[in-house]
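The values are calculated or read from the model by the stated rules, or taken from the named source; none is laboratory data. Quick caveat: nothing in here was measured; it's all calculated off a predicted structure. Ligands, DNA and RNA are excluded from the accessible area calculation, which covers all protein heavy atoms including side chains. Shrake-Rupley method; radii C 1.70, N 1.55, O 1.52, S 1.80 Å.
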Amino acid sequence: MKVVAAAMVALTVLGASAHADAILATDTYSGHTYYLLAGDSGGAGVSWASAEATAVSLGGHLVTIDDASENAFVYGAFGSAQVGSHAQVLALHIGFTDQVAEGTWAWIDGSTSTYTNWALNEPNNLGDEDYGAMWGSGLPSIRPGGTWIDFFGAASVVDPATGVTLPLYAVVEVHGTGNPIPEPTTLALLGLGAAGLAVRRRRQRAT
């Protein structure tokens, strides 16, 4: 795993900054590039929906796990990483969801992979949980790291035993081993161009 200086990834559409999450680490496996995604550079959690939006802006999706080897890679690369002030990762959003039809789990990228690694008694749809997540190394006493749970897709949960808010992160998968992260200069130019477009539109409306 390559830890990177947290890169803010922005998706700018028609002058509005629609999205910004932070890439904290990257790695490659079997010709694909993987990113550990957080809500900001300080290690705040990220929701499933927000992470998927960022994944699409990078040219990919939340990770599809095709077999036990890839599952082991994702867990080994990101499931036990230290993020910000958090010593260990609680869980990682993956691209598995039954949001379209309850109980019918599918990969968000349309993959037909049939591999699963559900933890014992999962998925349980406790309170309408529609999004898959990989359990990290943060609370190994509850379930083994690398196994899957269904979850609400939120950016964080509160530990009922301690009252501490625990963030969740996400893993993005992009086909190919190139680096699609825009350079800071490119992001700046995109921002300036969007700002100029917005100004021109305001002037046109004023006249």
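Calculate one ³J(HN,Hα) per residue across the stretch 127-134 by plugging θ = phi - 60° into the Karplus curve 6.51 cos²θ - 1.76 cosθ + 1.60, and present them in order as whole Hz with x for glycine and proline.
Each residue's phi maps through the Karplus curve to give x, 6, 8, 10, 10, x, 9, 8 Hz.
What percentage of the solvent-accessible surface of the stretch 35-148, computed with a 1.4 Å probe over protein heavy atoms, is contributed by carbon and sulfur atoms?
Reported share for carbon and sulfur atoms: 51 percent.
Is the stretch 49-135 best put as rounded, prolate or oblate by its Cα gyration tensor, with a ≥ b ≥ c the root eigenvalues, rounded for a/c under 1.5, and otherwise prolate when a/b is larger than b/c, oblate when not?
Verdict is rounded for the stretch 49-135.
How much accessible area per residue does the stretch 50-132 have, counting only protein heavy atoms and a probe of 1.4 Å, in square angstrom?
The answer is 44 Å² per residue.
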